[in-house]
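The values are calculated or read from the model by the stated rules, or taken from the named source; none is laboratory data. Since this is a predicted model, take the numbers as computed values, not measurements. In this analysis, Cβ positions are derived from the backbone assuming ideal geometry, glycine residues included, and neighbour counts consider all displayed protein chains. Protein only, heavy atoms only, side chains kept; ligands, DNA and RNA dropped before computing areas. Shrake-Rupley method; radii C 1.70, N 1.55, O 1.52, S 1.80 Å.
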Amino acid sequence: MTMRDFRTNGSRQSIPNRTQRMDHLSKRRNIFFNLLLYSLLIALPAFLDISCRKAPSPVPDGGEEPEVVDSTLTVLHLQNSSRYAVEDVQILIYKSDGTRELEQLLRLDEFTETVEVVTTEGEKLVAAVANCGKALSPVALGRYDSLSEFGYDFSDENCEAPVMSGECRTRGNMGEISLVPLLCEVVIESVANCLDENYELVENPRVRLTGISGYAGVMQDSDFFPTEIQDRGEWTDLPYDIGMLTQNPGTTLYCYPNETPESSLGSSRTVLEFECEIFGRVCSFEIPLPPFGRGARLLVELEVFSQEDCQSRISVERPTAQGARPTE
């Protein structure tokens, strides 16, 4: 029997050793990881697109998409129509449609002629209140119609910086408001002694107001008929006795507006009371004031003819720029 020699070149079949097997497994492992990485790179953009999407806004029960509200810059111009100081201003901005809800309430610590505020688009009803002394409530004044219930007591007034207000309807994102005080002035312009008997002095003259309205609507601009009456104000002495020369004291008394007609009977009209001494006798004269609105200035001229007769002339000055209430 002939034995074959398997050691001849090119004919021997070798068995892989341990090192060769490990190299083979390593190559297979590399191929697997490369395929996995390639799959992840393909799937990752789609995953990120899903995860980064914003959740849609909840749809109301009615099934309508939520409304997108556009905003705009509204410019308000404020004017002080009086000689009084303005210490603070509060501005209420209402929508002009629907229930006319309050959109914003701004508080300014000092008076400024121009106010810029971001609002929603559309016309606005704007009210401004100055020198109120207290923060207005956005709840109590949450609708435009509630302004008609907003009032102030005369006893709480500050005669140096009284409550003032005004309103407007914006046009083209702009509005102008003239701040007008509720407080009115009664000024004793002159007092003349017209006695015929040896120029007897009119001595110890003094004045006061009676029948003062005790309450008024802050935003009210007409129909001031008192619902509460402060019976009498304090006496104020005039600076001089009245002799041959007419005196111009300029003494000022304060009150709330009262538009009760002159023909009205009763005590609802505001009255100027002038008291003096003539020949040692105390004489008192009552001078009913004509109807006057908010911020009015009444100039009074008095002429004393006898112990029973005092004539008067009264002129009424109204604010030069009064903001009108927006038409409904």
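Selection within the range 300-328: residues that are of a type in the set (Asp, Glu) and in contact with a Lys or Arg (Cβ under 6 Å, 6 or more places away or on another chain). The member of this set that is modelled with the highest pLDDT is GLU301. Taken as a whole, the range 272-292 holds at least one residue that is surrounded by fewer than 13 Cβ atoms within 10 Å (Cβ to Cβ), part of a loop (DSSP other than H, G, I, E, B) and either on the phi > 0 side of the Ramachandran plot or free of Cβ contacts under 8 Å to residues at least 60 places away in the same chain (or both).
Can you find a residue that is in contact with a helix residue (DSSP H, G or I) (Cβ under 8 Å, 6 or more places away or on another chain) and either at pLDDT 95 or above or in a loop (DSSP other than H, G, I, E, B) (or both) anywhere in the range 254-267? The answer is yes; a qualifying residue exists.
Would you mind stating whether GLY172 is more than 14 Å from the chain's Cα centre (by Cα) and without any contact (Cβ under 8 Å) to a residue 12 or more places away in the chain? It is true that GLY172 is more than 14 Å from the chain's Cα centre (by Cα) and without any contact (Cβ under 8 Å) to a residue 12 or more places away in the chain. Scanning the range 97-127 for residues that are part of a loop (DSSP other than H, G, I, E, B) and either hydrophobic (A, V, I, L, M, F, W, C) or farther than 29 Å from PRO162 by Cβ (or both) turns up ASP97, GLY98, THR99, PHE111, GLU121, GLY122, GLU123. Among residues of the range 88-115 that are farther than 15 Å from CYS168 by Cα, none has a Cβ under 6 angstrom from a residue that is open to solvent by 40 Å² or more (accessible area, probe 1.4 Å) and among the hydroxyl-bearing types (Ser, Thr, Tyr) at a sequence gap of 6+ or on a separate chain.
Screening ASP221 with (1) buried (at least 17 other Cβ atoms within 10 Å of the Cβ); (2) without any contact (Cβ under 8 Å) to a residue 40 or more places away in the chain; (3) acidic (Asp, Glu) gives one miss only, at (2).
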